[in-house]
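Colleague: If you scroll down you'll find the structure; I have some questions about it.
The values are calculated or read from the model by the stated rules, or taken from the named source; none is laboratory data. What you see is a predicted model, and the numbers here were worked out from it, not measured in a lab. Reconstructed Cβ throughout: ideal geometry from the backbone, glycine too, with neighbour counts over all protein chains shown. These accessible areas exclude ligands, DNA and RNA; they are computed on the full protein's heavy atoms, side chains included. Shrake-Rupley method; radii C 1.70, N 1.55, O 1.52, S 1.80 Å.
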Amino acid sequence: MLSQSVLLHGINDDAETLGALMRALVECRIKPYYLHHADLASGTAHLRTSIVEGQGLMRALHGRYSGLCQPQYVLDIPGGHGKSPIGPTYLSADGSQITDFKGARHVYPPSDPR
């Protein structure tokens, strides 16, 4: 079984709450599949986070929870254009740096690969 959840401001928009939800789903043998960025539906603006906040939340989850607890953060593109992953990007465009879950950048490959 798979789970699709919506990121909602003031409800599940912190790493501890969202992580607990994802872990509880896994304990019930439900795979967290999608975490949807909230749609632009009329009257719901107070429930939406920014995409940047959502990406930061996903980065925090990657540093704290097992891969089984990681949903894919997606945006359902308005106009029927489908879902697109919008999770955080960790690798620089040229592939020379990688960012860890805390936001620190590291040269890749390192000059001393020990």
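Colleague: Between [x] 15.7, 54; [y] 12.5, 34; [z] 31.8, 108, which entry matches Rg and Dmax of the Cα atoms in Å as derived from the coordinates of this structure?
Modeller: From the options [x] 15.7, 54; [y] 12.5, 34; [z] 31.8, 108, the structure gives [x].
Colleague: I've got another one for you. Per the 1.4 Å probe, what fraction of the accessible area of the range 58-101, in percent, lies on carbon and sulfur atoms?
Modeller: Carbon and sulfur atoms account for 55 percent of the accessible area of the range 58-101.
Colleague: Pairing the Cα long axis of helix 51-64 with the longest principal axis of the chain, what angle in degrees results, from 0 to 90 and rounded to the nearest 10?
Modeller: 60
Colleague: Rounded to the nearest 0.05, what FRET efficiency do residue 66 and residue 96 give with R0 = 41 Å and r taken as the Cβ-Cβ distance? Could you check?
Modeller: 0.90
Colleague: Follow-up. Find how much the distance from residue 1 to residue 20 grows on full extension, using 0.36 nm per residue of separation minus their present alpha carbon separation; answer in nm with one decimal.
Modeller: 5.0 nm
Colleague: Using the alpha carbons of the range 1-57, what is the convex hull volume per residue in cubic angstrom, as a whole number?
Modeller: Hull volume normalised by residue count: 77 Å³.
Colleague: Also, I was wondering about something else. Counting only helical runs of four or more DSSP H residues, what would the 222 nm mean residue ellipticity of the chain come to if each run contributes -39,500 (n - 2.57) and the total is spread over all its residues?
Modeller: Taken over the chain, the calculation gives -7500 deg cm²/dmol.
Colleague: Using alpha carbons only, how many degrees (0 to 90, rounded to 10) separate the axis of helix 15-27 from the longest principal axis of the chain?
Modeller: Once rounded, one gets 80 degrees.
Colleague: In addition: State in Å² the accessible area per residue of the chain; use a 1.4 Å probe, count heavy atoms of protein chains only, and round to the nearest integer.
Modeller: So the chain comes to 65 Å² accessible per residue, rounded to a whole number.
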